[in-house]
1. Can you say whether residue 449 is among the basic types (Lys, Arg), surrounded by fewer than 24 Cβ atoms within 10 Å (Cβ to Cβ), assigned to a helix (DSSP H, G or I) and touching a strand residue (DSSP E or B) at 6+ places or on another chain (Cβ under 7 Å), as far as the supplied structure shows?
2. Looking only at the range 44-57, count how many residues are farther than 17 Å from residue 126 by Cα and modelled with pLDDT under 95.
3. Would you check if there is a residue in the range 284-306 being β-branched (Val, Ile, Thr) and in a helix (DSSP H, G or I)?
4. Can residue 419 be described as at negative phi, under 19 Å from the mean Cα position of the chain (by Cα) and modelled with pLDDT of 95 or more?
5. Being touching a strand residue (DSSP E or B) at 6+ places or on another chain (Cβ under 9 Å) and closer than 24 Å to residue 451 by Cβ: is that true of residue 384 here?
6. Go through (1) at pLDDT 95 or above; (2) under 29 Å from residue 40 (Cα atoms) and name the single condition residue 189 misses.
7. If you go through the range 373-398 one residue at a time, how many are out of contact with any Pro (no Cβ under 8 Å at 6 or more places or on another chain), assigned to a helix (DSSP H, G or I) and more than 20 Å from residue 458 (Cα to Cα)?
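The values are calculated or read from the model by the stated rules, or taken from the named source; none is laboratory data. Model, not experiment: these values are computed from the prediction. Counting neighbours? That spans all protein chains shown, and the Cβs are built from the backbone with ideal geometry, glycine included.
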Amino acid sequence: MRFLLNFIKVPKLKLVCEEVKKINYGCSRYFSDECPNISCERKGLVLGVYDGECDQPVFTKAAQKFNDHIGGKLYDLVKAAGPELIHEGAAKIFTNLSNEFWVISVAGLGKLKRGYNEIEAIEEGLEAVRVAAAIGSIKASQHGATRIFIEGMGYPEQAAEGATLALWRYQENKSRENWKPVPTLEMYDDCDTECFQRGIFKAESQNFARRLCDTPANQMTPLHFAQETVNELCPCGIKVQVHDRTWIENKKMNAFLTVARGSCEPPIFLEVSYCGGPVDQKPILFAGKGVTFDSGGLCLKQCKYLERFRGDMTGAAAIVATMRAASALSLPINLEACIPLCENMPSGMAMKCGDVVTALNGKTIMISNTSHEGRVILVDALCYGQQMYKPRLIIDVASLTGGIRAALGSAATGVFCNSQTMWSQVRKAGVITGDRVWRMPLWKFFTKRVTKFTTHDVNNMGLGHGSPCLAAAFLQEFVECVDWIHFDTGGVGFKSEHKLYPYLTKGRMTGRPTRTLIQLLYQLACPSEGQRELK
């Protein structure tokens, strides 16, 4: 099986709000079948309030305008609610204030004029808006609002991100009659529709990645993942090539095939191309780990953690979602993605500890641990992508190690980078999106511990501690002289165990770091706008 889909590229126009809310990535059901009648529509309004001097509430411009419209009643109610309401992360519902709105949700933004916090490596003002928009929208939805209007709170892009992420639900496997409707989301009293739409695009892309990762492994096999990619990207004018086992064998991707042979599900290799820049512009190459279920192979993972590893394709999901957003935002940049898809299962055909295979670039790899399969399938994707596309920058995204989860938890994505300039761009993207990154070392100390063997070139486990650094050193052996960024999503990409981010649902996959990847591309494609957005 090998097929190529390359639809005519659709015109990429700036969408108005009514068009934006109709975008559907299979997870957000904006219009409810339970409420076909306009008469049962219930409007909600989300407004922001700051913590002023001496715990005095200070309304945003839109909130103050609404308060004046109703004769100051809202201020009196907020004042009576006490100082707890105006602190970041708080929200309260008010009713019977307006004939137009069913509920008014007032969300706290914390202190005024907050900016970049160097110690926390985050833009606190932007993050406060995401949190307020998320909590305010959730409150309005819980109180019956079916159509939510949200003010920009000074940062309409971040307000759209927070609300869109917070309202998302994964309910594909519930009976249709038990689905909870997801309210529509529209901007209120703000003319900056472009920023609001950009926030919608970014958040919906992350929601798409969340759905891919949350889908059970029997419903998201390599072939199903490929079909989802075709369904999402081809209508946007993005070229998708789906290659089968025969093609993979002909290309001599032995490392990839070694991992895939343990499962009866056939492996798939995806090539995805987005051409938004000049024809002669060198592309950015993405490579993503696409293990749709990782049992660990013969080195079986603990049973209590196995269910989580249906999401071991977080890297592949984030890349596909990022490509979709690049097209939606009409980024003037050329992108290529190479995504190996397979399962890692124990069987009579499975790879064994001590096996030695030859990668596409001729280097031999010893499989010391079959649970470290992600780096093994990535090397063939990296080698193939470099041979085919001669990229100017390589970005790989993979839930590669549990060690990065132990080190950073879900606070930040571990990033390895061989370029100070590129690291500065990644760090900036993490600051803007609130989805933070943390640089890890690419020292020769770790390179020696994956290469200094007498019987083979590289070892997929290496010697000693520091598993994230050993994994990155392993991948670096298959990267030529080009700028390279490696995102280890082992800590941030799986399901959220705790309610650390109000806009990410506890117990569901996060889709991280999709928005950081999109922001990074935005900065590289539009450097002048990226600089302006930081100020």
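1. no
2. Selection size over the range 44-57: 6.
3. Looking through the range 284-306, none of the residues is β-branched (Val, Ile, Thr) and in a helix (DSSP H, G or I).
4. Spelling it out, it is not the case that residue 419 is at negative phi, under 19 Å from the mean Cα position of the chain (by Cα) and modelled with pLDDT of 95 or more.
5. Judged against the criteria, residue 384 is a match.
6. The failed condition is (1).
7. 2
Results for (1) farther than 15 Å from residue 400 by Cα; (2) polar (S, T, N, Q), shown as yes or no for each residue.
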| residue | (1), (2) |
| --- | --- |
| 249 | yes, no |
| 253 | yes, no |
| 268 | yes, no |
| 275 | yes, no |
| 281 | yes, yes |
| 310 | no, no |
| 313 | no, no |
